[in-house]
1. Could you tell me how many of the residues in segment 225-249 are out of contact with any Asp or Glu (no Cβ under 8 Å at 6 or more places or on another chain), assigned to a loop (DSSP other than H, G, I, E, B) and not β-branched (V, I, T)?
2. Provide a single number: the residues in segment 182-203 that are in a strand (DSSP E or B) and either over 15 Å from G231 (Cα atoms) or of a type in the set (D, E, K, R) (or both).
3. In the set P144, P174, which member is under 29 Å from D222 (Cα atoms), open to solvent by 60 Å² or more (accessible area, probe 1.4 Å) and either at pLDDT below 80 or part of a strand (DSSP E or B) (or both)?
4. Just the residues that are under 22 Å from I182 (Cα atoms) and open to solvent by 10 Å² or more (accessible area, probe 1.4 Å), please, taken from segment 219-239.
5. List, please: which pairs have Cβ atoms under 6 Å, are six or more places apart or on different chains, and start with a residue in segment 86-104 that is within 12 Å of I75 (Cα to Cα) and end with one that is among the basic types (K, R) and open to solvent by 50 Å² or more (accessible area, probe 1.4 Å)?
6. Suppose the filter is modelled with pLDDT under 75 and of a type in the set (K, R); does K197 pass it?
7. Check segment 228-237 and report whether any residue there is of a type in the set (V, I, T) and within 21 Å of the chain's Cα centre (by Cα).
8. I'd like to verify a number: residues in segment 65-79 that are polar (S, T, N, Q) and open to solvent by 70 Å² or more (accessible area, probe 1.4 Å), how many?
Amino acid sequence: MTSRIRLLFLSLLALALNGAACSKSPLQSDSASSRKFGARPTIVFMTDFGTANDSVAICKAVMLGIAPDARIMDITHQVTPYSIEEGARFLEAVSPYYPAGTVFVAVVDPGVGTSRKAVVVKSKKGSPAGAHLAAGWEFNLVGPEVPQLVRLTPKTSTATANGIAGDIIALDDPFGSLITDIPGDEFKKLGYNPGDKLRVDINKKPIALFYVKTFMDVPVGDPLLYIDSRGRVGIAVNQGNYSKKFNIQPPGTIFIPRKGAPLKEK
């Protein structure tokens, strides 16, 4: 863990995205202008370090030593250890909600200590990276431009004539709801309406549940299918924990048949 922290600040960060507005002006000028009007730089921090040790606190202390006016906010420090894909999913979901000028520092580093380099990334909205950037440094001082990045290729659901096959990718903790990779818009093409009862295969086992808009559309304790706040199909229990109740943990598979398609009986 100590080596992770050291690498974070020697390299500035393992991954950073900044939501600054599109502009040809250099970051340093933007930062100076923002501070002139009293704006405080914001650093949004995410790791897989956990919270049962002092690693996150040490990182924040170093950040404040570099940029004492910065506000440091957390996405989470409970990313599943080494799961770059999960960290990317959280970062993608959260970053659009922050204003221009926000700096994101994300560290999920399964290859810690190897020759693999940390990177600074300029987002489509503007500029990048860590405490030094929040303090007004130019992002290109970090090092030379990397001509090609290794990109994630996350699994996606597959639509067929009979329905949609996808994966259970995570839990919505602490509630134990299942998060899938099936987009809500694709699910709606299957022909179901809110209130419909449907049969879904989870890990190749059929279950019956209602498609609803809100949890309270079914009795307490009943399972349900809904579209979550990020626009994906979710499976839950009203005022219960689906994962614990039915002993299901990700990864897993899910298949949702098209409305009216024939189904095998249990």
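The values are calculated or read from the model by the stated rules, or taken from the named source; none is laboratory data. Source: prediction; values computed, not measured. All Cβ positions, even for glycine, are placed from backbone atoms using ideal geometry, and neighbour counts span all protein chains on display. For accessibility, only protein heavy atoms count, side chains too; no ligands or nucleic acids. Shrake-Rupley method; radii C 1.70, N 1.55, O 1.52, S 1.80 Å.
1. Total meeting the criteria: 6.
2. Counting residues in segment 182-203 that are in a strand (DSSP E or B) and either over 15 Å from G231 (Cα atoms) or of a type in the set (D, E, K, R) (or both) gives 6.
3. Being under 29 Å from D222 (Cα atoms), open to solvent by 60 Å² or more (accessible area, probe 1.4 Å) and either at pLDDT below 80 or part of a strand (DSSP E or B) (or both) holds for just one of P144, P174, which is P174.
4. Those that are under 22 Å from I182 (Cα atoms) and open to solvent by 10 Å² or more (accessible area, probe 1.4 Å): D222, P223, Y226, I227, D228, S229, R230, G231, R232.
5. Listed pairs, sorted by first residue: A93/R230.
6. Judged against the criteria, K197 is not a match.
7. Yes.
8. Residues in segment 65-79 being polar (S, T, N, Q) and open to solvent by 70 Å² or more (accessible area, probe 1.4 Å): 1 in total.
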